[in-house]
1. Please find, among 94, 121, the residue that is surrounded by 15 or more Cβ atoms within 10 Å (Cβ to Cβ), modelled with pLDDT under 95 and closer than 17 Å to residue 40 by Cβ.
2. Taking the condition of being in a loop (DSSP other than H, G, I, E, B) and under 16 Å from the mean Cα position of the chain (by Cα), how many residues in region 100-127 meet it?
3. If we scan region 26-33, do we find a residue that is in contact (Cβ under 8 Å) with a residue 12 or more places away in the chain and outside any loop (DSSP other than H, G, I, E, B)?
4. Within region 11-48, how many residues turn out to be in contact with a Leu (Cβ under 8 Å, 6 or more places away or on another chain) and of a type in the set (Phe, Trp, Tyr)?
5. Keeping to region 6-50, report how many residues are surrounded by fewer than 10 Cβ atoms within 10 Å (Cβ to Cβ), closer than 30 Å to residue 117 by Cβ and either in contact with a Ser or Thr (Cβ under 6 Å, 6 or more places away or on another chain) or hydrophobic (A, V, I, L, M, F, W, C) (or both).
6. Return the pair list, or none, for Cβ contacts closer than 6 Å from residues in region 49-74 that are within 17 Å of residue 130 (Cα to Cα) and basic (Lys, Arg) to residues that are at pLDDT below 90 and part of a strand (DSSP E or B), at least 6 apart or on different chains.
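The values are calculated or read from the model by the stated rules, or taken from the named source; none is laboratory data. All of these numbers come straight from a predicted model, not from anything done at the bench. No Cβ is skipped: glycine too gets one built from the backbone with ideal geometry, and neighbour counts run over all protein chains shown.
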Amino acid sequence: MHKKKKVVKISRGSIISISIILSVSILIGFLIINSFLPVNSDQLIFESPTNILLKAVKSPEGYHYATQSSKGGKTVPSTAGNSPSLTVKNGNLVQIHLINEEKNEPSIKSKHNLNIDEFNVHTGDLGYFQTKSITFLADKNGTFEYYCSIHPEMKGILTVEP
């Protein structure tokens, strides 16, 4: 006696759904793993980063960076016109989140960036209300300048302590 085997057919809709779920899962996995890969290292570092939120602004005193609190969206006070000094510990994973909050004028498009050469941090130019997060390993002690290459007056100090 021959028993007939039952053939299970998978619908086209099921294949598309599975493909979409798999693609989204791979993308999310890539983004998560990429957040643990500092721009100045070839090794993944699985630890919570020190988060620094900065915004590029223009005040009556000129262009500068301002710190931004992650609680309630309030600006942390800093000396008017001066960019804040930042301090982190050596060996920490640091993630800087930069947002360009300088409004465009009709004839002038505002662009800003953030660079820390010693740690290979370069956000690229950001237009109005664009944002970029960049992760690096604070693996050198000392005082380092962070700056905007478009506006030379936009600069501050990053201190890496032992």
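1. 94
2. Counting residues in region 100-127 that are in a loop (DSSP other than H, G, I, E, B) and under 16 Å from the mean Cα position of the chain (by Cα) gives 8.
3. Within region 26-33, none of the residues are in contact (Cβ under 8 Å) with a residue 12 or more places away in the chain and outside any loop (DSSP other than H, G, I, E, B).
4. Matching residues across region 11-48 total 1.
5. Residues meeting the conditions: 3.
6. What qualifies is 55/68.
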